[in-house]
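Chemist: Structure provided below as C-alpha cells; questions to follow.
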Amino acid sequence: MALRRRSAITTWPLVSPPVAVALALIGAVLAAVHHAEVLARRVGEPFGSLIFAVAVTVIQVGLIVVLMISGGPQAASLARDTVFAAVMITVNGIVGLALLVGAGRCGVALFKAKGTGAGLASVVSLITLSLVLPTFTSSPARSQFPPAQLAFAAVASLVLYGMFALTGTGSHRHVFPPAVAENPPTEIGQSPRRPSAAMAGLSLILLVVAWGAVVGLAKVGARAIEGPVRDGALPLSLVGVVIALLVLAPNTLTAVRVAQRRQVQASLNLALGSAMASIGLTIPTVAVASIWLDGPLLLGLGPTQLVLLALTVVVAVLTVVPGRAIRLQGGLHLALLTAYVVLCIHPYPGSEVPM
C-alpha cells in the first residue's frame with residue numbers, strides 16, 4: 001500500500017517549464033505595474049498618470065523587442081499588431097467601459113469635449129502617421145516603410161507624444177479638467193494613504209528589477225508565448241493582442257474604478273494617455289531596434305484593420321463632440337472591441353497584409 005502511494009505521488013503531473021515561464025512572466029509584469037502605480041501615487045497628479053503610462057509602455061516595448069529578436073522574420077509585424085491592439089483596447093475598451101460605468105443611474109456621462117477631443121486628435125494623428133501611411137507607400141514590400149519615412153514616423157511619434165505630455169502636465173493642463181457637474185477631482189488610482197518616500201524608493205528599485213525580469217523571462221519564454229498560438233493554428237497577431245491585454249489590464253481596472261466615482265474625464269484621460277504612450281514610445285524604439293534586427297519591420301495595417309480603425313474614429317468623434325454620452329455609446333465602443341477580437345481569432349481570408 002505504501003509503495004502504491006509513493007508511486008502515485010511521483011507520477012503526479014507537474015507544471016511544464018514553458019507554462020512556468022509564462023506564469024512567471026505574467027507575475028513579473030503585474031509586479032512592475034504595481035510598483036509603477038506606487039510611484040505614481042507618491043508623485044501625484046498630473047505627473048503620476050504620466051509616470052504610470054510610461055512605465056507600463058516600457059514593459060510593452062521590452063516584450064515586443066525581445067519577441068522580435070527571438071521570433072525572427074515571422075515576428076516582423078509584432079510591433080504593429082501590439083500597438084494597434086493597444087489602441088483598440090484603449091479607445092474602444094477602456095473608453096467604452098468608462099462611459100458605461102460613468103453614466104451611472106442617470107444614464108449620462110459628462111466630460112470636457114475640448115480636452116478629450118485634443119487627446120483623440122493626437123491618437124488619430126499618431127496612428128495614421130505610424131500604421132496607416134506604410135500601407136500606401138511605394139516600398140517594394142507593401143506595409144513596410146522606407147528608411148527615410150520610418151525615421152520621420154519615429155521622430156514625429158516622439159515629438160507629438162512629448163507635446164501631449166507637456167500639455168497635460170504644463171501650463172495648459174487646465175485643458176483636461178473633470179467636468180463641472182462631476183465630483184471634485186482626485187488622483188487616478190489614489191489610495192487613502194499616500195506612499196512614503198522610503199516606500200516609493202523601494203518601489204523604484206523593485207520596478208527596475210521587475211523590468212529586467214520581464215525582459216529576461218520574455219527572452220527565455222518566447223516559445224511559451226508564441227507556441228500555443230502556432231499549435232492552435234491561430235494568427236500570430238494574437239500574440240500582440242495578448243501583450244496589449246496583459247499590459248493594459250491594470251489601466252482598465254483603474255479607469256473603471258475612477259468612472260465609478262463619476263470622474264469620467266479622468267478615465268478618458270487615462271485611456272487616451274495610454275494609447276499615446278503606446279504609439280509614441282513603441283514606434284521610435286522598434287524603429288531604432290530594426291537597425292540590428294534581421295528581417296523587415298512591417299507597420300502597415302491590413303484592409304480589415306483599416307476598416308475597424310476608420311469606424312472607431314468615426315464613432316469616437318461622434319462620442320466626444322457633444323461632451324456627454326449615454327450608455328448606448330459606451331456599448332458601441334465595446335462592440336467594436338469585440339469585433340476586433342473576433343476578427344483576430346477568425347480573420348477573413350486574404351485580410352492579412354502581404355509580407
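Chemist: Leaving ligands and nucleic acids out of the surface, order His346, His35 by accessible area at 1.4 Å, largest first.
Modeler: Ranking His346, His35 by accessible area, largest first, yields His346, His35.
Chemist: Give me the mean projected area, in nm² to one decimal, of the convex hull enclosing the Cα positions of the stretch 240-295.
Modeler: Over all viewing directions, the stretch 240-295 projects a mean Cα-hull area of 4.4 nm².
Chemist: Now a separate question. Taking a probe of 1.4 angstrom, what is the accessible area of Arg324 in Å², to the nearest 10?
Modeler: The value for Arg324 is about 130 Å².
Chemist: State the percent of C-alpha pairs, over all pairs in the stretch 81-153, separated by a distance greater than 20 angstrom. Before the final figure, lay out each step's value.
Modeler: Working: 1249 of 2628 pairs.
Summing the P(r) of the stretch 81-153 above 20 Å gives 48 percent of all pairs.
Chemist: Under the 0.36 nm per residue contour assumption, what length would be gained going from the current alpha-carbon distance of Val341 and Leu328 to full extension? Show your work: numbers first, answer last.
Modeler: Numbers: separation 13, 0.36 × 13 = 4.68 nm, distance 2.01 nm.
This chain segment gains 2.7 nm when fully extended.
Chemist: What list of ³J(HN,Hα) values in whole Hz, one per residue of the stretch 145-154 in order, does the Karplus curve 6.51 cos²θ - 1.76 cosθ + 1.60 (θ = phi - 60°) give from phi, with Gly and Pro shown as x?
Modeler: 3J(HN,Hα) across the stretch 145-154, in whole Hz: 5, x, x, 5, 6, 5, 5, 5, 4, 5.
Chemist: Using only alpha carbons, build the gyration tensor for the stretch 226-339 and give me the equivalent ellipsoid semi-axes, biggest first, whole Å.
Modeler: For the stretch 226-339, the semi-axes come out at 29, 17, 16 Å.
Chemist: What full-extension length gain, to one decimal in nm, is calculated for Val317 and Lys114 as 0.36 nm per residue of separation minus the Cα-Cα distance?
Modeler: Going from the current span to full extension adds 71.9 nm.
Chemist: Which value in nm describes the separation of the simple spin-label points at Ile291 and Ser125, placed 7 Å from the Cα toward the beta carbon?
Modeler: With each label placed 7 Å out from Cα toward Cβ, I get 2.7 nm.
Chemist: Further question: May I ask you to order 97-103, 24-30, 108-114, 291-297 by the average number of other C-beta atoms within 10 Å around their residues, highest value first?
Modeler: By packing density, highest mean first, the sequence is 97-103, 108-114, 24-30, 291-297.
Chemist: Ranked by accessible surface with a 1.4 Å probe, highest first, in what order do Ile345, Ile283 come?
Modeler: Values: Ile345 65, Ile283 0 Å².
My answer, sorted largest first, is Ile345, Ile283.
The values are calculated or read from the model by the stated rules, or taken from the named source; none is laboratory data. It should be emphasised that the depicted structure is a prediction, and the values quoted were computed from it without experimental measurement. Cβ sites come from the backbone with ideal geometry, for glycine too, and all protein chains shown count toward neighbours. These accessible areas exclude ligands, DNA and RNA; they are computed on the full protein's heavy atoms, side chains included. Shrake-Rupley method; radii C 1.70, N 1.55, O 1.52, S 1.80 Å.
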